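The values are calculated or read from the model by the stated rules, or taken from the named source; none is laboratory data. Quick caveat, the model's predicted, so the values are computed rather than measured. Because the Cβ atoms are built from the backbone with ideal geometry, glycine has one as well, and the counts that use them run over all protein chains shown.
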Amino acid sequence: MEFVTLVALTPWRATEVATTRKMAKVQVWSREGIRRLAKGLHAGHGLRLILGTVVGLLLLALALRGVNWSQVGSALAEANYPLLALALGTVLLTTLAKAGRWRLLFPEEYGQPRLSKLFSVLLIGQMVNAVLPARLGEIARAYLIGEIEGVDKALALSTVIVEKALDALMLLLLIALVFAFMPLPAWLGRSGILISGLLAVAVGLLLVGVYRAQWIRNCSKGIPKSPLLAWIWRSRPSKMMSWIHRFDLERRLGTITAGLTALSRGDVALRLLGWSVLVWALAALTNYVTILALGIRVPFLAALLLLAALHLGVAVPSSPGRVGVFHYICVLSLSLFSVDRSLAMSYGLVLHLIVFMPMITLGAWFLWKESYATGKPKATATLTTGEGANP
């Protein structure tokens, strides 16, 4: 299923009503705008899907090499299922903590979405990421929370960017913590260096956005007079001005920089750090409770190493659901603690089910629920173009 089809299945309607010609405008961040973006990404969708599937199958074959399936069956049969249920609960708690952190990223003056809606949209985004390439789930949830809660979609997207920067910071801290207690394998060490470089660039850009917001807005005013744009659009200057007007660049940049202001307030930044620690601690707890449920005798450090490795594995092209990549990383990580290959494969199968089952089943259900609710005529479904309206 492609993202274009996924959006087309939902009964959303255009929510912006222009009562005068002056107020009328094309919505760049409308449903049609997202559809066009998805269509553009579709050009590389097939190749990435094929490449990811090949890589996933190859890694799955490597993970299955030398596995004794009778031992896998015994490990699954003897698993502690109450502990597995607890691990499943920690997955949902992790998503709830992510929703709480995401809500804090929305400035109060712009209106903060309801926690329940952030929770459901997060699951929808995770489902899209699980079944589609190119991390389209991040774009999807910025769009969906704007449609459902009426917040500015550019603002929502900026909060997603900050959230990912926070997760990159936590990943780097996690790698440093693991390194303090054990030598890192070469593949993890190289990935950590790469993450450090990318994080430094991301933090630099975020700091510019946080502390030079007015400077960015002032620069945006000069874009229509830019010699570069004038040269690019030299044959059709009227189209250039039409595009700039439609995008409403100055207001968009103002909204995006507003989404970064949470980092400029000390109290909010500390709360965001606390939420981030909680999110990652719960994710590590999921790994460790699953380890205990299968009777694997390894220290808590193994759960931390596995958490870092699985997050770094997102960069590897993979099949839908990360089948193959996920299992190979589990086997490879647990082998560092001398865990039997068959038992490690059992762990990979169980953890994959625990992690992906909630996001796919609940994500699909929330997508249907929100589509149905948003498609119903109601007073709040139609927004005007006045102050605070949905773009």
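From the set of residues in segment 310-355 that are assigned to a loop (DSSP other than H, G, I, E, B) and more than 21 Å from the chain's Cα centre (by Cα), which is surrounded by the fewest Cβ atoms within 10 Å (Cβ to Cβ)? Walk me through it before giving the result.
Step one: list which residues in segment 310-355 are assigned to a loop (DSSP other than H, G, I, E, B), which gives 316-319, 323-324, 336-340.
With more than 21 Å from the chain's Cα centre (by Cα) added as a condition, the list becomes 336-340.
Values: Leu336: 18, Phe337: 17, Ser338: 8, Val339: 22, Asp340: 16.
Looking at residues that are assigned to a loop (DSSP other than H, G, I, E, B) and more than 21 Å from the chain's Cα centre (by Cα), I get Ser338.
Look through Leu132, Leu115 and report the one residue that is of a type outside the set (S, T, N, Q) and either buried (at least 20 other Cβ atoms within 10 Å of the Cβ) or touching a strand residue (DSSP E or B) at 6+ places or on another chain (Cβ under 7 Å) (or both). If you could, list the steps in order and put the result at the bottom.
On the way: Leu115 fails: either buried (at least 20 other Cβ atoms within 10 Å of the Cβ) or touching a strand residue (DSSP E or B) at 6+ places or on another chain (Cβ under 7 Å) (or both).
Criteria check complete, one pass: Leu132.
Give all pairs with beta carbons closer than 6 Å in which a residue from segment 279-297 that is more than 17 Å from His311 (Cα to Cα) meets a residue that is part of a helix (DSSP H, G or I) and modelled with pLDDT under 95; count only pairs at least 6 apart in sequence or on separate chains.
Leu294/Ala75
Could you say which residue among Leu334, Leu310 is without any contact (Cβ under 8 Å) to a residue 40 or more places away in the chain and more than 28 Å from Arg101 (Cα to Cα)?
Testing whether each residue is without any contact (Cβ under 8 Å) to a residue 40 or more places away in the chain and more than 28 Å from Arg101 (Cα to Cα) leaves just Leu334.
Can you pull out every residue in segment 268-309 that is of a type in the set (D, E, K, R) and assigned to a helix (DSSP H, G or I)? Let's see the steps before the verdict.
Filtering segment 268-309 for residues of a type in the set (D, E, K, R) gives 271, 297.
Listed by number, the list holds a single entry, Arg271.
Looking at Ser196, Ser191, which one is assigned to a helix (DSSP H, G or I), buried (at least 20 other Cβ atoms within 10 Å of the Cβ), modelled with pLDDT under 85 and not acidic (Asp, Glu)?
Numbers: Ser196 fails: buried (at least 20 other Cβ atoms within 10 Å of the Cβ).
Of the residues listed, the single one that is assigned to a helix (DSSP H, G or I), buried (at least 20 other Cβ atoms within 10 Å of the Cβ), modelled with pLDDT under 85 and not acidic (Asp, Glu) is Ser191.
Kindly list, by first and then second residue, each pair from a residue in segment 146-163 that is on the phi > 0 side of the Ramachandran plot to a residue that is in a helix (DSSP H, G or I) and hydrophobic (A, V, I, L, M, F, W, C), limited to pairs with Cβ atoms under 8 Å and residues at least 6 apart or on different chains.
Within 8 Å, no pair qualifies.
What residue, among those in segment 58-88 that are exposed (fewer than 15 other Cβ atoms within 10 Å of the Cβ) and within 27 Å of the chain's Cα centre (by Cα), is modelled with the highest pLDDT?
Ala85
Looking only at segment 370-378, decide whether some residue is modelled with pLDDT under 95, in a helix (DSSP H, G or I), out of contact with any helix residue (DSSP H, G or I) (no Cβ under 7 Å at 6 or more places or on another chain) and of a type in the set (Phe, Trp, Tyr). Show your work before the answer.
Applying the first criterion (modelled with pLDDT under 95) to segment 370-378 yields 370-378.
So of that shortlist, the ones also in a helix (DSSP H, G or I) come out as 370-375.
Next cut, out of contact with any helix residue (DSSP H, G or I) (no Cβ under 7 Å at 6 or more places or on another chain) only: 371-373, 375.
Now narrow it down to the ones that are of a type in the set (Phe, Trp, Tyr): 372.
Looking through segment 370-378, at least one residue is modelled with pLDDT under 95, in a helix (DSSP H, G or I), out of contact with any helix residue (DSSP H, G or I) (no Cβ under 7 Å at 6 or more places or on another chain) and of a type in the set (Phe, Trp, Tyr).
Determine if segment 81-101 includes at least one residue that is of a type outside the set (Lys, Arg) and either touching a strand residue (DSSP E or B) at 6+ places or on another chain (Cβ under 8 Å) or farther than 25 Å from Ala308 by Cα (or both). Can you show your working first?
Just the residues of segment 81-101 that are of a type outside the set (Lys, Arg), to begin with: 81-97, 99-100.
Subsequent filtering for residues that are either touching a strand residue (DSSP E or B) at 6+ places or on another chain (Cβ under 8 Å) or farther than 25 Å from Ala308 by Cα (or both) retains 81-82.
The answer is yes; a qualifying residue exists.
Could you check how many residues of segment 150-187 are surrounded by 15 or more Cβ atoms within 10 Å (Cβ to Cβ) and not in a helix (DSSP H, G or I)?
5
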